[in-house]
Amino acid sequence: MTRAFCPGHVSCIFQPSRSSEIASTGSRGVGIRLSLGAHASVVPKDGDTVVTIDGTASEAPVTRHVAEILAPGKGFDIVIKDDLPVSQGFGMSAAGAVAAALCIADLVGKSRDEAIMAAHEADIRGGGGMGDVAAIARDVPIPVRKAPGMPPYGIVEDAGIALGRTSFVVLGPKMTTGSVLSDPKRFASICEAAESTMGSFLEDPSVDSLYRFSNEFSEAAGVEGPEVSHALDALRSGGFRAGMCMLGNSVFTDAPLLDARRILGPGVKGFSCLPCGRPARIIRTE
């Protein structure tokens, strides 16, 4: 058995970009790598690959595609446990793909670079995020995706800002990235909103700018659901900064979790973690 952990990732601003080449498909944007993420354990087996996610057998197209790319014709038992909810803007599909890819690559003698590229391809083809893998692969707390895709096309740099412990609050039902980006009008509005807000953030990268331009982006892009809009207003009225997690019915905020629950209601699902500069990594091989 091989085990691995991969940090999650929240996009605060993102500008999706499609290309004829998978390596250059992705997004520009700025986000937060998280100390919470996805844990994978992988065991080779005869027969078909079986994927279990958070205790439930799953079709898991992203994870299955990772196995097919790295080890065609081979079977694995893949178990993924997520620290954060899926389809809520925390990059769990990408984190799970990277963690599983590192395990499979270790088992079949492939390199780390091959594992990361397989995870990127699987996440793009499987309808997951468009840039989470590239951000996760850059071991800095606040990665800025200046050009979409993976090397040599993609460019990811460190924002160079010190973001402290951050709370993440889930407010509504799942929001799948593919369902949002498949709408041409929403895709266009997201790209347009990102063009100006990304430029403004890069002119003045700071914690205040991260929140301010994330707010401007989500409002201009029209991606805020009513729960998110209400939560952002309530947290700001309470004296805290907050932004939308892309793409999910969830927010990130500098309000301590107890304060966030006091403002938004004790029934909301919340998490607290630090920005993470540590790499995705193999934890143990047995």
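Tell me yes or no: at least one residue of the range 258-266 is open to solvent by 70 Å² or more (accessible area, probe 1.4 Å), modelled with pLDDT under 95 and in a loop (DSSP other than H, G, I, E, B). The answer is yes; a qualifying residue exists. Answer yes or no as to whether D83 is touching a Leu at 6+ places or on another chain (Cβ under 6 Å) and at negative phi. The answer is yes for D83. The lone criterion from (1) among the hydrophobic types (A, V, I, L, M, F, W, C); (2) under 30 Å from A115 (Cβ atoms); (3) out of contact with any Ser or Thr (no Cβ under 6 Å at 6 or more places or on another chain) left unmet by V207 is number (2). Among the residues of the range 1-14, the ones that are at pLDDT 95 or above and either small (G, A, S) or open to solvent by 10 Å² or more (accessible area, probe 1.4 Å) (or both) come to 5 in all. Candidates A242, A280: the one that is open to solvent by less than 10 Å² (accessible area, probe 1.4 Å) and without any contact (Cβ under 8 Å) to a residue 60 or more places away in the chain is A242. Within the range 170-203, the set of residues being in contact with a helix residue (DSSP H, G or I) (Cβ under 7 Å, 6 or more places away or on another chain), within 26 Å of G126 (Cα to Cα) and either in a helix (DSSP H, G or I) or open to solvent by less than 30 Å² (accessible area, probe 1.4 Å) (or both) comprises G172, V180, L181, R186, F187, S189, I190, A193, A194.
Looking at this structure, is V251 open to solvent by less than 20 Å² (accessible area, probe 1.4 Å), at pLDDT 95 or above and not in a loop (DSSP other than H, G, I, E, B)? So V251 passes the test.
The single condition from (1) in a helix (DSSP H, G or I); (2) over 29 Å from M244 (Cα atoms) that S93 fails is (2).
Scanning the range 30-73 for residues that are open to solvent by less than 20 Å² (accessible area, probe 1.4 Å), in a strand (DSSP E or B) and in contact with a helix residue (DSSP H, G or I) (Cβ under 7 Å, 6 or more places away or on another chain) yields V30, G31, R33, G37, A38, A40, V42, V51. Residues in the range 107-146 that are within 15 Å of F5 (Cβ to Cβ) and surrounded by fewer than 19 Cβ atoms within 10 Å (Cβ to Cβ): R112, D139. One residue alone among V133, V144, V140, V98 is over 15 Å from A38 (Cα atoms) and outside any loop (DSSP other than H, G, I, E, B), and that residue is V144. Can you confirm whether M117 is part of a loop (DSSP other than H, G, I, E, B) and within 20 Å of the chain's Cα centre (by Cα)? In short, no.
The values are calculated or read from the model by the stated rules, or taken from the named source; none is laboratory data. All figures in this text were calculated on a predicted structure; none of them were measured in a lab. Every residue, glycine as well, gets a Cβ built from its backbone with ideal geometry; the counts of neighbours run over all protein chains shown. Surface areas here come from the heavy atoms of the whole protein model, side chains and all, with no ligands, DNA or RNA. Shrake-Rupley method; radii C 1.70, N 1.55, O 1.52, S 1.80 Å.
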